[in-house]
Structures are given as C-alpha cells and as structure tokens.
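Trainee: Let me begin by handing over the structure; questions about it come next.
Read-outs throughout are calculated quantities, based only on the coordinates presented, and are distinct from any laboratory measurement. It should be emphasised that the depicted structure is a prediction, and the values quoted were computed from it without experimental measurement. Please note: Cβ atoms are built from the backbone with ideal geometry, for glycine as well, and neighbour counts cover all protein chains shown.
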Amino acid sequence: MAAQALAAVVAIAVLAQSAAAAAPPPAKGPVTYVFGDSMSDVGNNNYFPLSLAKSNYPWYGIDYPNGVATGRFTNGRTIGDYMADKFGVPSPPPFLSLSMVDDDVLGGVNFASGGAGILNETGVYFVQYFSFDQQISCFEMVKKAMIAKIGKEAAERLYGLGARKVVFNSLPPLGCIPSQRVHSGNGKCLDHVNGYAVEFNAAAKKLLDGMNAKLPGARMALADCYSVVMELIVHPEKHGFTTAHTSCCNVDTTVGGLCLPNSRPCSDRKAFVFWDAYHTSDAANRVIADLLWDAMPSAGSGGAATTPLAASPAPSPSRAP
C-alpha cells in the first residue's frame, strides 16, 4: 500500500492558553491533524467493514502497549506516534472513533487511511478507505465542530497563532522496500522506482515553496523521509539494525505482502528496518522520528520552507544493497 500511497501530511496547530478561554481546557502543546495512508493510519480502516486494507489482527501490534492490534500497519507504533511523543501530546485518535460533539476533536485528529493516495482512484481496489479528498472533507467537519465549540472568533485566533504550519513527509525510497526488491531479480533496489520518488519529492518541494511565498504566514516544510529512510537502508548497523533488505515478518508478496496471522515473524524484531513488505518496523519508526525531529524547525518558531535535510539537493536514485 505504501508504494502507491500519499506521503503523510501533518498540520501542526499551535494552541495558546488564551486562544479559547470559553472552550474546554486546551491541549498543552501543539495539536496535530494527520492526513495520509497506511504509514500513518492508526485505525480508521477498522471502521470500514468491507475494507481490504486492514491490520487489526496479529501479528500487527505485537509490540504496541499490551500487544494490541490497533489498525496500525506495523508491529508497534507509527512515525506519527513517536512525533506526538516529542511534541509532548497524545497521538491523535482515528477520526472514525470520534463523535463531532466530543471535546476530543479539539485535541487533534488522525484522518489517515490505508490505501489512500494523491489520486482518489489510487486505492479503489481496497474497496473501502478514505481517499485524500475524503480526508479533507472530514477535516472540514472537524473544523465546523471546533467552531461550534469555541466560536468563530476563537477559531480565527487559532489560525493567527499558527494553525498554518504544515509538515509534508516526502516519499521514501520506494524502490528499496521489500515489495519492490522482489521484482529486481537480484534483491536489489529498483532504481527507476526510486527515481519516481525523487521526481515527486522535487515537485512537492517546489509546490510548498510556492505556497509559502503566496500564502500570508504559511510555514510549510518538507520533511526529507527519502534521505532518512535511505540512511537506515544503506547504514543499518549505524542505527542498531542488522537487516534492511527484507521484512521481519515472512510475507507473501503475491497476496498483498501483509503480515497475516499465519505468517512467521522474526525472532528479533528490533533488528529489522521493515516489518512487512511495505511498512517500516516500530524500531525503525522510532529512529526515523528521531532523525526527522532533529532536522525539523521548531513548531513554535518561525520555521523554514523545508527541513535542513530537505533543503539539500534531491538525492539521486540510490543503488543501495
């Protein structure tokens, strides 16, 4: 799924104590609204009875608190979960778990859905999922709920306090994920697929730079997931991993590449960069979040158009092992 998917977008709205005096107690720190695909989904697809893009079964969640399969497409937590920790706030819950009359909508929401993509038809073969357009429509519902709770004036003050900060995660080196390596004939990365990701990321950076120039007060940053994930693939030992060319879970890429209940996971899950044929492991997600955090402008500062990693020239397709 991640190979066809939308790079996750995290909108960071910084709330101040004075922003909503008449509202319920505000969040202590940034509030995040997450849009994306299976790399960021925290359980929205669980609520779609016909969805073929689900991970609410073992062995998913084996390293999540209490070993619960929450609908996250990894053995533990997502990159977004770890980023929320760094902001000092809870990871936002899935949109479909909330009621629009709940105060919880003020504390951040995750709209991500496994199978989503830039184009609405990207995940059509998963039957039920939130397309990107649908995720935006859901955000509009949340916005209306917020206005109903705190009032239009307070909502406008939130906008003035920083609800225009957006972090757009670039595509990773998709040619190096296990589902693509099996098509190379020699287990190597597919350079032409990495090339597509590089072209996409360059276009995304150009778009964000243009939006920063046109929109008053906008601070839209490109987080360079491509370079960060490639770093783990090329130098796994440097970050505590032993294996980056295949997945921890023994999956069948001919039937979807997910870690099914009858699959066999590896004995040392912390040693693998990838959990299944598409998604990074809990251990890798922690390291990726650390590296992205170190490169990201402060959520409360003026920020920059791109992270320091993304400000460097776009990497060439790598011939990583």
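Trainee: Under 5 Å between amide H atoms, partner at least 5 residues away or on a different chain: which partners does V166 have, H built in plane at 1.01 Å?
Mentor: I12, R219, M220, A221
Trainee: Right, here's the next one. Rounded to whole Hz and in sequence order, give me ³J(HN,Hα) for segment 86-98 from the Karplus expression 6.51 cos²θ - 1.76 cosθ + 1.60, θ = phi - 60°, writing x for Gly and Pro.
Mentor: After applying 6.51 cos²θ - 1.76 cosθ + 1.60, I find 5, 6, x, 10, x, 5, x, x, x, 3, 6, 8, 10 Hz.
Trainee: With θ taken as phi - 60° and the coefficients 6.51, -1.76 and 1.60, list the Karplus ³J(HN,Hα) couplings across segment 218-227 in order, rounded to whole Hz; mark glycine and proline as x.
Mentor: Running phi through 6.51 cos²θ - 1.76 cosθ + 1.60 with θ = phi - 60° gives 6, 10, 10, 10, 9, 7, 7, 5, 4, 5 Hz.
Trainee: While we're here: Can you put L190, L222 in order, fewest other beta carbons within 10 Å first?
Mentor: Ascending number of Cβ neighbours within 10 Å: L190, L222.
Trainee: Another question, then. Can you give the FRET efficiency for E140 and S267, using 1/(1 + (r/R0)^6), R0 = 41 Å, r = Cβ-Cβ distance, to the nearest 0.05?
Mentor: Between E140 and S267 the formula returns 0.30.
Trainee: Counting only residues 5 or more places away or on other chains, whose amide H sits under 5 Å from the amide H of F274 once H atoms are built in the peptide plane?
Mentor: For F274, the qualifying residues are C248, S281.
Trainee: Among the listed pairs K152/K214; K143/K165; K165/K205; K86/K206, which are separated by more than 20 Å between their Cα atoms?
Mentor: K152/K214; K86/K206
Trainee: For the peptides 149-156, 201-208, 33-40, 67-74, what is the packing order when you average, over each peptide's residues, the other Cβ atoms within 10 Å and list the highest mean first?
Mentor: 33-40, 67-74, 201-208, 149-156
Trainee: Given H placed 1.01 Å from N in the peptide plane, which residues other than close sequence neighbours of S51 have an amide H under 5 Å from its amide H?
Mentor: Q128
Trainee: Using each residue's phi in segment 130-146, evaluate 6.51 cos²θ - 1.76 cosθ + 1.60 at θ = phi - 60° and report the 3J(HN,Hα) Karplus result to the nearest Hz, with x for Gly and Pro.
Mentor: These are the phi-based 3J(HN,Hα) values: 8, 5, 5, 4, 5, 4, 5, 4, 5, 5, 4, 5, 5, 4, 5, 5, 5 Hz.
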